[in-house]
Amino acid sequence: MVADDEAPSEPCPVVDVGLVQRLQDCYETFMAAEPRILRRKTNRRLSYQACQDVAHEAYLRVARKVMNGELGPEVQLAGYLRRASRNLAIDTLRAQARLDPLDDTGLVVAVPGQRRPADDFDPLEELVVPTIDAMPLSRPRKVVQLQSQGLNDKQISKVLGIGTDRVHRDRYTALIELRGRLGGFIRDGHRKKTTRRVEKEG
């Protein structure tokens, strides 16, 4: 076969090594935080396991784009991952809605299930997370937000670029504010014990 007759080979994708490393570095943090965020964003319509699956699939899709050279070093990786997982969660909810049972007319979606039982109440999701979200923007707020998403001190330290000792101090500051904001939801007896403990710690 003459060289000129050979079919041109496909050009190899240009993969940014630094971006690959950034992607690997953020896996643990992303997978620790994103399923809980998705659970809240979907109003608990997806199970926690489903949210984990969505986050993992979103990460794999972004990884494929990186390895195919479709994403460059300028991409804001954390934001791109979050957007990919939110879009995939929306697609999952739409697919789930299409599978909802129909009533006997075959045309109208059946009435949703009964209200959640009282023992399904999640204080973190129902009280603590909304209270954290209502706090003024600050680093202490970021610390407790990340902690509520399942990150440990080492991961929080890495995300915020601060030492673990700073994480501890910021969390303490945020917890005092949270106790004040959540005071109305705490039984009187427990609130008095908490107040005395805060005064001793001070």
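The values are calculated or read from the model by the stated rules, or taken from the named source; none is laboratory data. On a predicted model such as this, the values are computed, not experimentally measured, just so you know. Cβ: placed from backbone, ideal geometry, glycine included. Neighbour counts: every protein chain shown. Ligands, DNA and RNA are stripped out before the accessible areas are found, and what is left, the full protein with its side chains, is counted by its heavy atoms. Shrake-Rupley method; radii C 1.70, N 1.55, O 1.52, S 1.80 Å.
Cβ-Cβ distances below 6 Å connect the following pairs, each with a first residue in the range 73-88 that is open to solvent by 30 Å² or more (accessible area, probe 1.4 Å), a second residue that is among the aliphatic types (A, V, I, L, M) and at pLDDT below 90, and a separation of six or more residues or different chains: PRO73/LEU19. Total residues in the range 27-70 satisfying the condition of being open to solvent by 60 Å² or more (accessible area, probe 1.4 Å), among the basic types (Lys, Arg) and in a helix (DSSP H, G or I): the figure is 6.
Scanning the range 157-192 for residues that are farther than 24 Å from PRO130 by Cβ and at pLDDT 80 or above yields SER157, LYS158, GLY161, ILE162, GLY163, THR164, ASP165, ARG166, HIS168, ARG169. Could you please let me know if MET67 is over 30 Å from GLN96 (Cα atoms) and not hydroxyl-bearing (Ser, Thr, Tyr)? Yes.
Residues that are among the hydroxyl-bearing types (Ser, Thr, Tyr) and buried (at least 17 other Cβ atoms within 10 Å of the Cβ) within the range 132-185 comprise SER148, SER157, listed in sequence order.
Here is a check on your reading of the model: is PRO140 assigned to a loop (DSSP other than H, G, I, E, B) and either at pLDDT 60 or above or of a type in the set (Asp, Glu) (or both)? When the stated conditions are applied, PRO140 does not pass them.
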